[in-house]
Amino acid sequence: MTTASAPGKIILFGEHAVVSGAAALGGAIDLRASVSVQDRPGGIVITTEDLMLKGFSIDLQSGQLFSSQAAHAVRYISAVLQEFDAHDIEVRIKSSLPASAGLGSSAAIVVSAVMAISRHQGSSLSLKKIADLSFRLEREVQDGLASPTDTALATYGGHLRISREISPCNLPPLELVVGYTGVPHSTRSEVEKVQKLKKRYPELIDGIFQAIGSISDRAQPLMADQNKAELGELMNINHGLLEAIGVGSRELCELVYASRGAGGAMGAKITGAGGGGCMIAIPGPAGKEPLMTAIRQAGGRPFATKTGQEGVRLEREA
Ligand code: PMV
């Protein structure tokens, strides 16, 4: 059996603007997905575990259970299997990342699958090849609406600045609290919505994207200095700009305001495509406990994480 795992990610600054070429800054987190492959003569079997079976349906004739989260993962795996012309194989997916939540679960699955399947077939791809191929496959499944942010972070780990190019940033880890609204989102439809708005109001949205890109660039030296007060301020500004382009939601805003209020956060914003999914906050002087409590009381599911974690790695090779 060959197993590879890859991290999820958090976009600290720059989501949506990055799709149109502005800068984003993101970091890999300590939740991971893993993909194991082994020979299985006579067919292709894909098994999913730990994928938080939310939104399932059942076929009453066959008794088969379909989970929308699992179906989501299977679409990405099928694309990788097709790319490698893989047959007679069993693929097992495990993930501690909630799907469709803005934490890069599909990218972590694609990147792990590319490494595991290529190694199983006897080839050793460079990280650059894994990142490029994973981006192409993820973009195909999402009908062209994706930037390389998630697949690059899942591959290289650490922190990356993404615009027209991907550059590693040597930055210390940032401690954050993530609040999951429990509402899954579709990256594809949020990106489509924003891009349509951009077509209707190009001069307005271009200006907003430019401002978001400047925030990403201002944030880098602040990250290096661990200047949490100013990073928090930039998060608040970035959140307002994301609201302006229509990717906020009542649930996200409640978590953001609870974090800044009772939670004592230095700043808080949506992370990822928005419309649901997650927000992030920088803990204030009182630490992460009051922040996690405030998020929980506002109806969210909080967890603490640190950015800058390791990228894709081989866990096991038989
Ligand atoms: O899939 P998510 O929710 O992590 O969103 C990714 C960030 C976007 O900028 C909205 C899309 C992209 O591909 O960069």
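Quick check on this structure: which one of Ser147, Ser189 is assigned to a helix (DSSP H, G or I), touching a residue at least 60 places away in the same chain (Cβ under 8 Å) and of a type in the set (Ser, Thr, Tyr)? Answer to the selection: Ser189.
Residues in region 1-34 that are of a type outside the set (A, V, I, L, M, F, W, C), more than 8 Å from the ligand (Cβ to nearest atom) and not in a strand (DSSP E or B): how many? So the count comes out to 2. Within region 87-102, restricting attention to residues that are in a loop (DSSP other than H, G, I, E, B) and either modelled with pLDDT under 85 or not hydrophobic (A, V, I, L, M, F, W, C) (or both), which residue is surrounded by the most Cβ atoms within 10 Å (Cβ to Cβ)? Per the stated criteria, the residue is Gly102. Number of residues in region 254-309 that are surrounded by fewer than 17 Cβ atoms within 10 Å (Cβ to Cβ), assigned to a loop (DSSP other than H, G, I, E, B) and on the phi < 0 side of the Ramachandran plot: the value is 4.
For region 164-215, the set of residues classified as under 18 Å from Ala146 (Cβ atoms), buried (at least 18 other Cβ atoms within 10 Å of the Cβ) and of a type in the set (S, T, N, Q) consists of Thr187 only. Pairs are defined by a Cβ separation below 7 Å, a sequence spacing of at least 6 or placement on different chains, a first member in region 244-257 that is in the same structural domain as Leu204 (by TED's automatic domain parsing) and farther than 18 Å from Ser189 by Cα, and a second member that is of a type outside the set (Phe, Trp, Tyr) and in a helix (DSSP H, G or I); the pairs so defined are Leu255/Ile295; Val256/His239.
The values are calculated or read from the model by the stated rules, or taken from the named source; none is laboratory data. Quick caveat, the model's predicted, so the values are computed rather than measured. In this analysis, Cβ positions are derived from the backbone assuming ideal geometry, glycine residues included, and neighbour counts consider all displayed protein chains.
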